[in-house]
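Novice: Please see the structure below; I have some questions.
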Amino acid sequence: MEIKSLQKVSMLIAAGMITTASFAQERNKTSIEGTSPLGSTSEYRTWSVGINAGLLNQSNIFGFNRDGFDKLNHNLGYSAYIKKQISPSFGLKAQYMGGKVGGVNENEISALPGTVAEFETEMPWSAALSAEWTMANTNWRFFNSFIKPYVAVGLGGLNFETTTKDVGGNETMHESQTKLYVPVDAGFKFAIAKGINLDLGYQLNWANQDFDGKPGGTFKNDLFSYAHAGLEIALGNGNKPYLGNSNPVATLVDDYTKKYDELKSERDALVASNNELKSQMNTLNDALNDDDGDGVANKFDKCPNTPAGVKVDGSGCPLPEMKNETKVIEKIVVTEEDKKVVNEAIKNLEFDLGKSTIRSTSFSSLDRVATLLIEKNFSLKLAGHTDNTGSMQTNLRLSKERAEAIRAYLVSKGANASRIEATGYGPNQPIATNATAEGRQQNRRVEFTLY
């Protein structure tokens, strides 16, 4: 009855651990975070420790090599190990195991006195070095699987003290021995958290023939099993993933996906920016079009659809007709005083930030330029310039609009529109470095050229 209860409790504990691992699957990515494709093992934690407990039996679930001890005696076993992960799929571990193994040969009850009918073997300690393969980390189908099958095989030393009973109930204590043994382990590890695995395994151990106190048995070596559950905990920097939970293919896929998403986001942003620039250029072109060809852009033309050949003012409206107009060809001379008027206008010229709106503080000096153009019939070239801050399209538009705004203002004061040329060069003709604020200030300008 006690054996059945122990089995039920063990099954309930294992079911609870598996359920916990299932919920943890959605909360943790234990394989690939913080690593790079084909990166070195320095990006990972490579040492781990494990501790587990379970049932030790002389028998095994496959039913072979029992040597007649078919009645199961379930005893507590315990083990601990430290492991060095060499690669994602291969590691070496040093394991300690202890406990007690016993068995009853019910078929020997009627045999002759002295025949071994029951044994109990204490194992104060055992130590083995095993190689362990984690198969999920070698398969591309398991990109980031939290269930990781494994197998291990090793060689070690087993210390044991055996007590036997014959059919008459007489006990015999055998001397303590230390012999070689071969542990073969298989099971599943569940990555329940970053660097923490739930370990469910089944271990078969081939021991010396003296293990069950029946050296003349049927088999050359005795065999006992260890069904166990426990935890494996990675050692080291908690910010690094554990190498034993890492699939190289998963790292490559994750890196490719991240780079693809980044490039896609950059491309989408460029497409959106390009569409916005196209819209701005279309708006600018619409504003600067001169449908009636009178030299005044639609944006500033207050009298659209002026007939061809009609002279207009700065607002695009026809000028009054001049009777008995006499054309006099004069030699145009630009004096130092004229240049001084223009330089003063350039010096006082200010616009609203990022716009083509002329500030009122500039009006008086521009008025003097307009008077100069009217009185001396000068021609004027306006060249707008900017620094390199912002996009090329925006700077070209702004420099052009500012030159046009000055032209419109001068024409509105009576200057001849046909004698004023407005051009925008953007940041293409700097007169100072754009690396400093002072240099950029010098580059933001409108040049006046009289001729």
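The values are calculated or read from the model by the stated rules, or taken from the named source; none is laboratory data. Nothing here was measured: the structure is a model prediction, and the numbers come from that model. Here the Cβ positions follow ideal geometry from the backbone for every residue, glycine too, while neighbour counts run over all protein chains shown.
Novice: Among the residues of segment 334-368, write down those that are in contact (Cβ under 8 Å) with a residue 12 or more places away in the chain, over 19 Å from Val411 (Cα atoms) and more than 60 Å from the chain's Cα centre (by Cα).
Specialist: Val334, Lys339
Novice: Could you tell me whether segment 384-392 includes any residue that is within 24 Å of Asn282 (Cβ to Cβ), in a loop (DSSP other than H, G, I, E, B) and free of Cβ contacts under 8 Å to residues at least 40 places away in the same chain?
Specialist: Checked segment 384-392: at least one residue is within 24 Å of Asn282 (Cβ to Cβ), in a loop (DSSP other than H, G, I, E, B) and free of Cβ contacts under 8 Å to residues at least 40 places away in the same chain.
Novice: Something else about it: Do any residues in segment 192-207 that are outside the structural domain of Trp125 (by TED's automatic domain parsing) have Cβ atoms under 7 Å from those of residues that are of a type in the set (S, T, N, Q) and crowded, with 18+ Cβ neighbours inside 10 Å, where the two are at least six apart or on different chains, and which pairs are they?
Specialist: none
Novice: For Leu398, only one of the following conditions fails: (1) assigned to a loop (DSSP other than H, G, I, E, B); (2) in contact with a strand residue (DSSP E or B) (Cβ under 9 Å, 6 or more places away or on another chain). What is its number?
Specialist: Going through (1) assigned to a loop (DSSP other than H, G, I, E, B); (2) in contact with a strand residue (DSSP E or B) (Cβ under 9 Å, 6 or more places away or on another chain) one by one, Leu398 breaks only (1).
Novice: Looking at the structure I just gave you, is Thr371 assigned by TED's automatic domain parsing to the domain that holds Asn285, among the hydroxyl-bearing types (Ser, Thr, Tyr) and within 20 Å of Asp338 (Cβ to Cβ)? Don't jump to the end; show me each part of the working.
Specialist: Values: assigned by TED's automatic domain parsing to the domain that holds Asn285: yes; among the hydroxyl-bearing types (Ser, Thr, Tyr): yes; within 20 Å of Asp338 (Cβ to Cβ): yes.
Answer is yes for this residue.
Here's the yes/no breakdown for (1) at pLDDT 90 or above; (2) more than 30 Å from Tyr44 (Cβ to Cβ); (3) buried (at least 17 other Cβ atoms within 10 Å of the Cβ):
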{"position": "Gly114", "(1), (2), (3)": "no, yes, no"}
{"position": "Glu120", "(1), (2), (3)": "yes, yes, yes"}
{"position": "Thr134", "(1), (2), (3)": "no, no, yes"}
{"position": "Arg141", "(1), (2), (3)": "no, no, no"}
{"position": "Gly157", "(1), (2), (3)": "yes, yes, no"}
{"position": "Thr163", "(1), (2), (3)": "yes, yes, no"}
{"position": "Thr178", "(1), (2), (3)": "yes, yes, no"}
{"position": "Ala191", "(1), (2), (3)": "no, no, yes"}
{"position": "Gly217", "(1), (2), (3)": "no, yes, yes"}
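Novice: How many residues are closer than 13 Å to Phe448 by Cα, hydrophobic (A, V, I, L, M, F, W, C) and touching a Ser or Thr at 6+ places or on another chain (Cβ under 9 Å) when one looks only at segment 342-383?
Specialist: Counting residues in segment 342-383 that are closer than 13 Å to Phe448 by Cα, hydrophobic (A, V, I, L, M, F, W, C) and touching a Ser or Thr at 6+ places or on another chain (Cβ under 9 Å) gives 9.
Novice: Okay, next question. Pairs only if they're at least six apart or on different chains, beta carbon under 7 angstrom, first in segment 301-318 and touching a residue at least 24 places away in the same chain (Cβ under 8 Å), second of a type in the set (Lys, Arg); list them, first residue then second.
Specialist: Ser315/Lys302; Gly316/Lys302
Novice: Right, next: From the list Val411, Val446, exactly one residue is assigned to a strand (DSSP E or B), in the same structural domain as Thr283 (by TED's automatic domain parsing) and surrounded by 14 or more Cβ atoms within 10 Å (Cβ to Cβ). Which is it? Before the answer, list the steps.
Specialist: Details: Val411 fails: assigned to a strand (DSSP E or B).
Among Val411, Val446, only Val446 is assigned to a strand (DSSP E or B), in the same structural domain as Thr283 (by TED's automatic domain parsing) and surrounded by 14 or more Cβ atoms within 10 Å (Cβ to Cβ).
Novice: When residues of segment 233-246 are filtered for being in a strand (DSSP E or B) and either out of contact with any helix residue (DSSP H, G or I) (no Cβ under 8 Å at 6 or more places or on another chain) or not assigned by TED's automatic domain parsing to the domain that holds Ile196 (or both), how many remain?
Specialist: Filtering segment 233-246 for residues in a strand (DSSP E or B) gives 233-234, 242.
Now restrict to residues that are either out of contact with any helix residue (DSSP H, G or I) (no Cβ under 8 Å at 6 or more places or on another chain) or not assigned by TED's automatic domain parsing to the domain that holds Ile196 (or both): 233, 242.
The qualifying residues number 2.
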